[in-house]
Amino acid sequence: METTPTTRQTADTFTAFFRDRGHRLMPSASLVRPPGDPVLFTAAGMHPLTPYLEGRPHPLGRRLADVQRCLRTTDLEEVGDPTHLTVFEMLGSWSLGDYGSRQSLRWGYELLVDGFGIGPERLHATVFGGDGQTGPDDESLRAWQELGVPVETTREDNWWSNGPTGPCGPDSEIFVWTGDGPPLGAPSGDDRWVEVWNHVMMRYRRLDDQGLQPLSRPSVDTGMGLERLAMVLQGRRSVFDGDLFEPWLRLLPPLWGIEGTELRIVADHLRSAAVVIADGVTPGANGHGYVLRRLVRRVLTLLWRHGRDRDPNTPATPATSRTPATPATLADLPAELIAATLDHFGLPYPVARVREVLLAEERRFAGMLSRGRGVLARPRFSGVLDAGDYAYLHDTHGLPRELIDILRAE
Ligand code: SER
């Protein structure tokens, strides 16, 4: 009987494929970008490679591949839907001034069809069709036509940039049909076409004046979300339904009585927090620490809804003596979930330290909630709050607006 590949096997198939084609494998870089970097967190596999895409020679050569952990805060509100995660892994391959888009797309096709067994009739591509500044990406268009894959051309959706300035270029996205019946229509009109792989032809640098300067050494940068690919290969409807989240979705509901979207958010955020902590971040008022703080506090807010928060002076309750009325605490988060996450990401970091950081933030948040309740009980804050009230509460009592709104909604 044919078995579906696990997430880890899927990543291994990808890296072996590119290694066999002369690519050197790089270890994943940290989620935390170094000081001076324009982004706080690694949000795409190419972020650590930016200087090399701009022309600096890479010590490992011109063909590279990796499995890079990434964090996207832009997607935070979408977490809980079937395809968005805060921390995820991106499979990446690069040609730094070596082969061009035709070769990259042909290998893309070969890996998806022969390596992963996706029927060629389930593939659809999109290609940059040109705009006022740049012509259409004819090389990529021809590559797909040679392979017999249907192509849709777009403008904005097929242009990739790293930010307002820096390396950029036309891209070609590969979609896989996930509907029950035979493939219908095109990706822009039917979301049963799921995007799995993006091949970016890094041909330009966007300048401060928005002009485009051709790069002296064009490159190809590809990125494919591992969890989404595994979802497609395992024939699932959601990234939460596969092997990675199975222990979370099994162990958390009996512990905390959560389900559905809330369960997915709690699992995603705690898993992400564990990885961020293991990359050296502690909760704080800004930067990396603030992102971590938001993740943990969002979890606690969901767990403590409906007045379920606990007094910071009450010791944590062992899970075995829990009753439905006992408030939830991260002290009960099973160590095996943290250990499996750190192991999956290859992070040699103590599980106990992750728990300490989570619990310290829980205590801090619980303390803020009880102090905040006292302040907000004053008659001055009984009506509608204006900007001056929010500023006072923030500046004098350290209460951020989102927390004030949570407390007032209780
Ligand atoms: N940079 C592209 C992306 O993030 C491909 O790696 O999608």
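Rule-based calculations on the coordinates, nothing more; no lab input. What you see is a predicted model; the values in this text were computed from it and never measured. Quick reminder, even Gly has a Cβ in these numbers, built from the backbone with ideal geometry, and neighbours come from all protein chains shown.
Observations on the structure shown:
- When shorter helices are ignored and each DSSP H run of at least 4 residues is given -39500 (n - 2.57), the per-residue value for the chain at 222 nm works out to -11500 deg cm²/dmol.
- For segment 27-183, the equivalent ellipsoid derived from the Cα gyration tensor has semi-axes of 26, 21, 17 Å, listed largest first.
- Share of pairwise Cα separations in segment 73-151, more than 14 Å, in percent: 72
- The distance linking segment 94-152 with segment 153-213 is 11 Å (Cα centroid to Cα centroid, whole angstrom).
- Relative to the dominant Cα principal axis of the chain, helix 351-376 is inclined by about 50°.
- Environment charge of GLN133, counting only residues whose C-beta is closer than 11 Å and scoring Lys/Arg +1, Asp/Glu -1: +1
- Extent along principal axes [Cα atoms of the chain; Å; largest to smallest]: 70, 59, 43
- Going by neighbour counts of Cβ atoms within 10 Å, the residues VAL127, VAL232, VAL351 line up, fewest first, as VAL351, VAL232, VAL127.
- Only alpha carbons enter this Debye calculation for segment 329-410, each as an equal point scatterer, and the log10 of I(q)/I(0) it gives at q = 0.12, 0.24 Å⁻¹ is -0.52, -1.06.
- A simple count of charges around ASP243, restricted to other residues whose Cβ falls under 11 Å of its Cβ and scoring Lys, Arg +1 and Asp, Glu -1, yields -1.
- Sites matching trypsin sites (Lys or Arg not before Pro) across segment 117-184 that sit in DSSP coil, with at most 16 neighbouring C-beta atoms within 10 Å: ARG155
- Proxy reagent accessibility, fewest Cβ within 10 Å first, across THR165, THR3: THR3, THR165
- Kirkwood-based shape ratio for segment 4-97, expressed as Rg/Rh from alpha carbons: 1.00
- Take the Kirkwood radius over Cα pairs of segment 75-114, plug it into Stokes-Einstein at 25 °C and 0.890 mPa s, and you get 191 µm²/s for translational diffusion.
- Note on THR73/THR282: beta-carbon distance plugged into 1/(1 + (r/R0)^6) with R0 of 22 Å gives a FRET efficiency of 0.80.
- Extension gain from ASP12 to ARG408, taking 0.36 nm per residue of separation minus the Cα-Cα distance: 137.6 nm
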